[in-house]
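Just below is one structure, and these are the notes that go with it.
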């Protein structure tokens with residue numbers, strides 16, 4: 001599948017300026033769409049399409065700053081550049097503080113404008129990739145049961161299997177099975193990888209950073225989880241099933257291979 005070409009969205013209530021700037025941008029090789037108001041742009045925008053916004057500051061009804069605020073509240077906000085003939089210090093400060101890529105006067109050299117557009121498109125590609133990565137990570141963590149998340153929160157604190165079993169009032173063998181399920185679902189093989197993935201996904205924001213750092217072994221201390229421990233389908237959908245199966249009867253199944261405490 002071909003990648004979708006980024007679009008420079010130009011928003012300005014001045015028809016002649018729209019025509020002039022769109023000619024300039026197209027001549028430089030950019031795909032361009034023009035809008036006479038911020039409302040028109042928001043109504044027509046494809047949220048999944050990459051690109052950036054080049055907007056006037058002062059427009060009737062919704063201003064450029066209002067547009068910037070509205071974009072920031074969407075799931076895929078686009079970088080915004082301001083190109084205006086009526087700039088002032090307060091507006092410039094607010095726009096840049098709120099994340100504008102640049103704030104230029106309409107009489108700015110075209111080279112400076114084109115450089116700013118290139119930066120904005122690069123920033124959009126980078127931020128879009130980061131958001132996609134977060135969505136992928138959270139999709140993995142969403143497969144964990146409530147009990148597995150509870151066990152995970154103890155693992156990334158550096159708690160040992162015995163300690164986790166005592167904290168949660170469950171069997172130590174059950175903790176080991178939960179840990180195996182966690183590493184299988186999250187596609188990791190070590191505590192260090194597990195801790196890094198948890199940090200990257202911001203799963204446990206309440207944990208102090210020092211606790212997470214202490215849970216991750218150094219490069220020479222990484223302990224690999226065994227891959228031969230059987231993984232039962234019903235453990236995926238219900239943590240209670242795992243605990244009930246192993247709490248009272250230790251002879252029904254052969255004991256899983258030992259998982260190293262961390």
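General observations
- Overall form of the range 7-136 per C-alpha gyration tensor (a/c, 1.5; a/b vs b/c): rounded
- For the peptides 126-139, 8-21, the ranking by mean Cβ contacts within 10 Å, running from highest to lowest, is 8-21, 126-139.
- Whole-Å distance, taken between Cα centres, linking the range 141-166 and the range 1-77: 46 Å
- Rounded to the nearest 5, the antiparallel percentage of DSSP beta bridges internal to the range 7-136 is 0%.
- Its relative contact order, with pairs defined as Cα atoms under 8 Å and 6+ residues apart, puts the range 4-61 at 52 percent.
- Here the spin labels are modelled as points 7 Å beyond Cα on the Cα-Cβ line, and at residue 93 and residue 40 they lie 3.4 nm apart.
- Residue 14 versus residue 27: modelled label distance in nm, points set 7 Å from Cα along the beta carbon direction: 1.7 nm
- Contact order relative to length of the range 7-136, as percent, for alpha carbon pairs under 8 angstrom and 6 or more apart: 23 percent
- Tensor-based shape of the range 157-197 (alpha-carbon gyration tensor, a/c under 1.5 rounded, otherwise prolate or oblate): oblate
A short reminder: the numbers here are calculations on the coordinates, not readings from a lab. For clarity, every value in this text was computed on a predicted model and none was experimentally measured. So basically every Cβ, Gly included, is an ideal-geometry build from the backbone, and we count neighbours across all protein chains shown.
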